[in-house]
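Heads up, the thing below is written out as structure tokens.
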Amino acid sequence: MKLCVFGAGAIGGLMAAKLAAKGDVEVTVIARGPHLAAMQENGLTLRSEGQEIVTHPRCVATAEEAGPQDYVLITLKAHALPGAAPQMQGLIGPETAIVSAVNGIPWWYFHAHPGPHAGHRLHSVDPDGTVWSLLPPERAIGCIVYPAADVPEPGVIEHTYGDRFTLGEPDGTRTPRIVALSEALIAAGFKAPIRPKIRDEMWVKLWGNLAFNPISALTGATLDVLTADPGQRGVARAMMIEAQAIGEALGIRFGVDVDKRIAGAAEVGAHKTSMLQDLERGRPMEIDALLGVVIELAELTGLSAPICAATLALVRARARTAGCYGG
């Protein structure tokens, strides 16, 4: 199996290191700058569960150097994907599967969708249709990311918690390609269940992210503070109730109730959301795939989401002021 990680930051680096350590997969990493240089010189170091391992996946700067792959794991932030899709063409052969390990609602969401919106393209995550055209949705495998990791220095991945990557085909079938991918991830030490209704689990994760991420960026609160403060918790809950109605209108079944989902976030403790971390570090913020898309879906289903819309306007303004939003 030839597998390429495109965007080998924290999550991509974690996956690449563990797959390379197992040795059954020919792993290629595409990265850039000091991170690429460090990996080429010293290998990819993974610190996890009190241990440190050094692996040596093939590390290159371009898709052309890597060549066609069996699987391409996309571990970029969602807003980077339209710009990256043209750069990925050298990785794609006749049977290449594209694994979208990207937060939020993906570009392929309505491909093979069982409802009336099948084939609809989402402007908020794929503004001009570039991703849909260059990364055809029939190649896509859904992947929901649960681990947390960071890059404390070039060439080093710090794995904090979590080991699950839930997989699912857009049409819900159990194909040979998804089974082979699941088996490879399990052999590398991850949990990689295959779900027939990947969108249901996608929404449960999004359900928290669409509220906690922007609120934390606006207030600076960690998850423990946000979920304990009645005001912030109340806004988050209202946003989640609005989003639940939208998801259910699209056929989603939420397996937990809203208060249990909030309680799960509270248990994470003094954690800064990814959006707050990006704001503090001056990096582009993942606003549209987490919240902008919810407003687009509200319009598509004819529903109102005023609290989500107001929060979206505020967090976009905050991000623009900080130079962290180009949408």
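Packing around the peptides 235-245, 186-196, 3-13, 157-167, taken as the average count of other Cβ atoms within 10 Å per residue, puts them in this order, highest first: 3-13, 235-245, 157-167, 186-196. Here's how it looks for residue 59: its modeled amide H is under 5 Å from those of 29, which are all 5 or more places away or on a different chain.
Each label was represented as a point 7 Å from its Cα along the Cα-to-Cβ direction; for residue 268 and residue 180 these points are 3.4 nm apart.
Listing 96, 55 from the residue with the fewest other Cβ atoms within 10 Å to the one with the most, what is the order?
Details: 96 18, 55 21.
Lowest to highest Cβ neighbour count: 96, 55.
Would you tally the net charge around residue 157, using a Cβ to Cβ cut-off of less than 12 Å, leaving residue 157 out, and scoring K and R as +1, D and E as -1? Walk me through the intermediate numbers first.
Numbers: positive: 18, 47; negative: 52, 150, 153, 158.
Local charge sum for residue 157: -2.
Each of the peptides 198-204, 266-272 was scored by the mean count of other Cβ atoms within 10 Å over its residues; in descending order, highest first, they stand as 198-204, 266-272.
This ranking places 183, 52 by how few other beta-carbon atoms lie within 10 Å of each, fewest first, which gives 52, 183. Loop-located trypsin sites (Lys or Arg not before Pro) in segment 1-71 (DSSP state other than H, G, I, E, B) with a sparse environment of at most 13 neighbouring Cβ atoms within 10 Å: 32. Each label point was placed 7 Å from the Cα along the Cα-to-Cβ direction; for residue 253 and residue 205 their separation is 2.1 nm.
Helix content alone sets the calculated 222 nm mean residue ellipticity of the chain: runs of n ≥ 4 DSSP H residues at -39500 (n - 2.57) each, divided across all residues, give -13000 deg cm²/dmol. Per-residue Cβ neighbour counts within 10 Å put 182, 216 in the sequence 182, 216, beginning with the fewest.
For the chain, modelled as a GNM whose springs connect Cα atoms under 10 angstrom apart, the maximal fluctuation among 103, 209, 42 occurs at 42.
In summary, the lysines within cross-link reach of residue 2, defined as a Cα separation below 18 angstrom excluding same-chain residues under 8 places away, comprise 18, 22.
Annotation for residue 187 and residue 303: the two label points, set 7 Å from Cα along the Cα-Cβ direction, are 4.2 nm apart.
Read-outs throughout are calculated quantities, based only on the coordinates presented, and are distinct from any laboratory measurement. Note that this is a predicted model, so its numbers are computed, not measured. Quick reminder, even Gly has a Cβ in these numbers, built from the backbone with ideal geometry, and neighbours come from all protein chains shown.
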